[in-house]
Amino acid sequence: MAGSLASILDECLDALNQGERLEDCLARYPGQVEDLRTLLLLARRLSLTPRHQPRPAVQNAGWQRFLARAEDMRLGGKPRPSINIGWKRPLAIAAALVLVAVATGGGTVYASQGVLPDSPLYRVKLASEDVRLWFTFDDAGKAELLLDQSRERTDEVMELLYDGKPIPGNVLSSLRSRNARAVRILEGRPEESALLQRAHEQSAAQESLLLGLWGDLSQSAHDEYAEAVATLHNAQLRTDDVPGAVMPEDLAAGVINITGSAQETVEGVWLIGGVEVRLDASTLGDVNLQTGQAVDVVAARGANGRLLALTVAATDRHEPQQQYVVSGALEEVSNDEVVIAGQRIAITENTLLKLRLQRGQAVEIKVEEISGEAVAFSVEGPKTGPQKAAPPLLVYEGVIEGTVSTGEVINEWVVGGQRFLVTPGTEIDARAAALAKNVRARVEAAIDKDELVARRVVVLAADPSQDATEEGDVGADGTEEGGTDGDGTEEGVVSVEGVFEAGDGERWTISGVEVDAPLDVETPEVGSLVTLVARRKGDLLVTEKLLATFRPSGRGLAQVRGIIGKIEEDGTLQVGSARVELGVESVVKGQPQTGSRVFIWGSLNDSDALQALYVNVLDPKPLAPESGSED
Amino acid sequence: MYANALSGLIDKPRDAPASAEAESAPSDDILREWELVQRAQALEDSALASLYSTFYPRIYSYAFLHLGDVQTAEDLTSEVMLKVLESIKKYRFKGLPFSAWVFRIARNKLIDLHRRRKRRGEIDLTQPLATMQASPQVMAERALDRGQIQLALKHLTEEQRQVIVLKFVEGFDNASVARVLGRSEGAIKSLQHRALNSLRRIMSGGAR
C-alpha cells in the first residue's frame, strides 16, 4: 500500500491506466480525496491536450537531410554534425569521389574517409576534401563546406583524445586553414548572417576545446597549436567586426587559467589574483573590469612570459555552485551517462572525453549544472600507465616559497619545501587572496614521470582562527622551531592529504611523498586516506600530528570539490548536484558554510551515497553569498 | 471514462503505429519496435521512414513545450533526428522502449542548447516569465489549451517540466522517464507529485 501522497498518486495513475474508475481509487484514500482528485484530473487534462504539430514543409525538408545523411552513411562516410548544404552535397560528393578515384584509385579514397590524423591515409582524406571544394562553385556553399571540414577536424581531435593518442600538428593546421578560409569568404558579407554566426560560434567552441589540450599535444605540434588558437580567436573578432588580433607568438608558451580578484595597475594591465595580465582589443568576454571584481581569465603566454587575456568571464557570484569536480572510479558507464561516486552525470556530444570510458576506470569529471542537470564538461583519466590505475592525488598545503613565476611553459614552484611543476594544465585559483611569496597555498598534484605535477593551486585566505592558540588544525601544535608567517601559521608546517601507498613503522609513502611515520600509530592499510600535519626538516617531512586515517569501502576513494551550494538540516552538503552525507566518523576541518569552497574525500556507502570521510572547508568566510534555492 | 482517456497514453507512445496500438502486451510492442530498429540499423529506407514519421512530431512537440519557439524547436528536432540516425547502430535493446533512448538524445540536445545560450549570455527561454493569470475555472474536465500548458510549464523547474511532458504528454511510464532523465523511479514519483502540485497552483492563479 502506498504511503506518501506521491506514492498514492502514482499508484492511482497506474490503476486508472489499468481501467479502474477514479472514484474507486479515491475511495481507498478517504483522507486524501480532495488533493488526489485535483491532481488526477489535472493529469488527465494534460494527457488530453493535443500535441503541437510541426510544419509539414519543415518536416519534409528535414526528411531530405535525414535521407542524405543516411546515404552518406551507406557510402561509408563518417556522420558529420549539422551539415546543411542541401542539394549541392550529392553533386559534391560524387564529383569528389569520381575525381580522386581516377587519380588515386577508388579504394584508397574510400578507405581514407574514416581515418584519423595519425594514419598515412589522412593526406588522401584531406585531398578528397579539397576536391569537394573545387566542385563547390558559390562562395556561401564553399564557406559552409570549409566550416564543415574544420568541424570534422574537431571530431578527429576528440576521437584521438578518446583513444588516448597525442594530437599531431597536421589536424590543427588543417582545422586552422579551413576556418581561416571560411572567415575570409564571409567577411564583409552581412547578407550571410547565419553563416557568420555559425563561423563565430564554431570558432568559439573550437577555441574552447583547444584551450584545454596543451597537455595532450604531441611535442612537435606546439607551433601549429599557437597558430590554430590565434586563428580561431581572431575568427571570433573578425566575424564581430572587432579590429584586434592575437598573434601566434602571444601563445608561444601556451595558456594559463587564473581565477582571482582584478586590480588595475596601469591602463590595460591588470593583476588577476596577483598575476599580471594584459587586456587589449583582442580580449573577449567581460572586458570592462572593475577593481575588486572576481573573474576567470584564460591568458595566452608569450615566449617572453607576458600574459595576454584571451577571454575574461566575471564570476557570477549568485550562481556559485554551477561547476564542480568529481573524481573516483566509474561505477556505471553507458553512451550518454556515467555514475561516479554515486552521482549520475550526463555525457553529451560536447563532453570532452579524454579516454575510453570503462567501468572501474579512475577519472576526474568536471561537471556543469545546466538547467538543473549534472552534465560532464570533460572527463579525464591517467595519462600514462595502465588505463585503470590513476596516480593517487596528493593534496599539500604550505607556504609559497621563493618567487612565483608564470612566465615559462613549465615553472617550478616550491610550496612548504616541496617542489611542484606548474604547467599550462595547472589551474590557479586566487579568489581568496593574491598569489605571492609567503602566502599559504593548497596544491593538488599527482606524480607524472617521477615529478609532482600541480593540477591546481588554490591560494588560501588568511584565517584568523588558525593562530598558535587555536586547537586542531594546521599550526596548532606549537612546536619550538620557526616563527609564523603572515597568516599566523607556522613556517615549515604543512598539511598533507593523500593515499597511503606503502610504509612501515618509520616511513610512509603518501601519494608519492615520503613522510616520517608518526609515533605509536598503527600502519594504515594500503589504499587508506591519510591526513596529517608535518614539518619539513631538510629533505624530510616529519609528522607532527596524524589527523586521521580512513579505510575506504571496497569501491575506493572519491573526491568532490566545488562550492557548497546548500547545507541540509541533517548536515548533508550539496556541492553542485553532488550530495555528500556526513556521518559520525566524518572529520570536518573548518566550518562548512554555504558559498565556501570545499574539498571532500569520501567513499560510497551501502546505499550508494557518497559518505564524507574528510571534509576540508577552504574558506573561513563564504566567497559568495547564499543563493536562493527553489522548490 | 477517465481510465479510457489515460489508457494507452501512459505506457504507450501516442503516435505508435496502428499495430502497436492493438491489444497486445507492451513487451510485444517493444519487441516489434526493436525489430523495426534493427532494420533501421541496417539503414533500410522503409524503416528509416517509419522512425522519422513516428518520432519527428513527438520530438518537435517535446522541444516546443520546452522552448516555446517554433524555429528553435524545428532546428532542435532536426538535430535530434540526425543524431538518432548517426547513433542508431550503437543502440542496444535493454528492455526499455526505443523511444526512451530517442528522448534521452533529445534531452541531451536540449541541455547543449541551454549551454550554448548560457555561454552567449542569452536569456534562458525556460525561465519563468510573467505570472500567469488563469481563471480558477480551468480545473474543469476538458483538455488544456496548448497555450495554457505552454505558459504554465514555464513556471516549473526544468526537471518538473521534463516529467510532465514525458509522462503526461508523451505517455511514458516511470521506468522510461527515469531512463530519459537519468533518475531513479522513486525520484520520478516524487517529481511527478511536486510537478502536478506546482502546476495546479500555477493554473489556479497562484504562480510562485
Exercise. For A:S495, which of the numbered conditions (1) among the hydroxyl-bearing types (S, T, Y); (2) in a loop (DSSP other than H, G, I, E, B); (3) modelled with pLDDT of 85 or more fails to hold?
Worked result: (2)
For this session: Provide a single number: the residues in the stretch A:375-401 that are open to solvent by less than 30 Å² (accessible area, probe 1.4 Å), at pLDDT 75 or above and not charged (D, E, K, R).
Result: 12
Problem set entry | Filtered residues of the stretch B:159-181 (kept if facing another protein chain (nearest Cβ under 9 Å) and surrounded by fewer than 20 Cβ atoms within 10 Å (Cβ to Cβ)) | B:E159
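Would you mind finding the one in A:S173, A:S177 that is over 26 Å from the mean Cα position of the chain (by Cα) and either at pLDDT below 90 or surrounded by fewer than 22 Cβ atoms within 10 Å (Cβ to Cβ) (or both)? Before the answer, list the steps.
Numbers: A:S173 fails: over 26 Å from the mean Cα position of the chain (by Cα).
On inspection, the qualifying residue turns out to be A:S177.
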Problem set entry | Within the stretch A:280-309, tally of residues that are exposed (fewer than 14 other Cβ atoms within 10 Å of the Cβ) and among the hydroxyl-bearing types (S, T, Y) | 1
For this session: Quick one: in the stretch A:573-605, of everything that is farther than 16 Å from A:G562 by Cβ and touching a residue at least 40 places away in the same chain (Cβ under 8 Å), which residue is surrounded by the most Cβ atoms within 10 Å (Cβ to Cβ)?
Result: A:L604
For this session: Confirm whether B:F103 is out of contact with any Lys or Arg (no Cβ under 7 Å at 6 or more places or on another chain), open to solvent by 10 Å² or more (accessible area, probe 1.4 Å) and modelled with pLDDT of 85 or more.
Result: no
Problem set entry | Residues satisfying the stated conditions in the stretch A:232-260, i.e. part of a helix (DSSP H, G or I) and more than 21 Å from the chain's Cα centre (by Cα) | A:N234, A:A235, A:Q236, A:L237, A:R238, A:T239, A:P248, A:E249, A:D250, A:L251
Exercise. Within the stretch A:606-616, is even one residue surrounded by fewer than 21 Cβ atoms within 10 Å (Cβ to Cβ) and within 21 Å of the chain's Cα centre (by Cα)?
Worked result: no
Exercise. Regarding B:S53, is this residue of a type outside the set (K, R), at pLDDT 80 or above and either more than 18 Å from the chain's Cα centre (by Cα) or open to solvent by 60 Å² or more (accessible area, probe 1.4 Å) (or both)?
Worked result: yes
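For (1) assigned to a strand (DSSP E or B); (2) hydrophobic (A, V, I, L, M, F, W, C); (3) over 25 Å from A:V457 (Cβ atoms), each residue gets a yes or a no:
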| position | (1), (2), (3) |
| --- | --- |
| A:E514 | yes, no, no |
| A:P524 | no, no, yes |
| A:A548 | yes, yes, no |
| A:Q574 | yes, no, yes |
| A:V584 | no, yes, yes |
| A:P592 | no, no, no |
| A:G602 | yes, no, no |
Problem set entry | Number of the exception - B:S46 against (1) farther than 13 Å from B:V102 by Cβ; (2) of a type in the set (G, A, S); (3) facing chain A (nearest Cβ under 9 Å) | (3)
Seminar exercise, completed: Within the stretch A:114-155, the count of residues that are in contact (Cβ under 8 Å) with a residue 12 or more places away in the chain, among the small types (G, A, S) and part of a loop (DSSP other than H, G, I, E, B) comes to 1
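Table: residues versus (1) of a type outside the set (A, V, I, L, M); (2) surrounded by 16 or more Cβ atoms within 10 Å (Cβ to Cβ).
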position	(1), (2)
A:Y225	yes, yes
A:T231	yes, yes
A:M247	no, no
A:G268	yes, no
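From the list A:R306, A:R301, A:R344, pick out the single residue that is within 11 Å of another protein chain (Cβ to nearest Cβ) and not aliphatic (A, V, I, L, M). Talk me through it step by step, then tell me what you get.
Values: A:R306 fails: within 11 Å of another protein chain (Cβ to nearest Cβ); A:R301 fails: within 11 Å of another protein chain (Cβ to nearest Cβ).
Sole residue among the options that is within 11 Å of another protein chain (Cβ to nearest Cβ) and not aliphatic (A, V, I, L, M): A:R344.
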For this session: Only residues that are open to solvent by less than 40 Å² (accessible area, probe 1.4 Å), within 7 Å of chain B (Cβ to nearest Cβ), of a type outside the set (S, T, Y) and not in a helix (DSSP H, G or I): list them for the stretch A:1-59, please.
Result: A:R51, A:H52, A:P54
For this session: Take the stretch B:78-97 and flag every residue that is more than 7 Å from chain A (Cβ to nearest Cβ), part of a helix (DSSP H, G or I) and closer than 24 Å to B:F168 by Cα.
Result: B:V80, B:V84
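From A:V326, A:V312, A:V297, A:V339, which residue is touching a residue at least 60 places away in the same chain (Cβ under 8 Å) and assigned to a strand (DSSP E or B)? So that I can check it myself, show each step before the final result.
Working: A:V312 fails: touching a residue at least 60 places away in the same chain (Cβ under 8 Å); A:V297 fails: touching a residue at least 60 places away in the same chain (Cβ under 8 Å); A:V339 fails: touching a residue at least 60 places away in the same chain (Cβ under 8 Å).
Result of the check over A:V326, A:V312, A:V297, A:V339: A:V326.
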Problem set entry | Where A:K449 falls short, out of the listed (1) without any contact (Cβ under 8 Å) to a residue 60 or more places away in the chain; (2) over 21 Å from the mean Cα position of the chain (by Cα); (3) surrounded by fewer than 19 Cβ atoms within 10 Å (Cβ to Cβ) | (1)
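Can you find a residue that is within 7 Å of another protein chain (Cβ to nearest Cβ), at pLDDT 85 or above and either open to solvent by 30 Å² or more (accessible area, probe 1.4 Å) or within 23 Å of B:D69 (Cβ to Cβ) (or both) anywhere in the stretch B:199-208? If you could, list the steps in order and put the result at the bottom.
The initial filter retains those residues of the stretch B:199-208 that are within 7 Å of another protein chain (Cβ to nearest Cβ), namely B:199-200.
Right, trim to at pLDDT 85 or above and you get B:199-200.
Narrowing further to those that are either open to solvent by 30 Å² or more (accessible area, probe 1.4 Å) or within 23 Å of B:D69 (Cβ to Cβ) (or both): B:199-200.
Yes: one or more hits.
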Problem set entry | Qualifying residues in the stretch A:515-545 (those that are closer than 14 Å to A:A502 by Cβ and β-branched (V, I, T)) - the one most open to solvent (accessible area, probe 1.4 Å) | A:V526
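The values are calculated or read from the model by the stated rules, or taken from the named source; none is laboratory data. As the structure is a prediction and not an experimental result, all values here were calculated from the model. Cβ: placed from backbone, ideal geometry, glycine included. Neighbour counts: every protein chain shown. Ligands, DNA and RNA are excluded from the accessible area calculation, which covers all protein heavy atoms including side chains. Shrake-Rupley method; radii C 1.70, N 1.55, O 1.52, S 1.80 Å.
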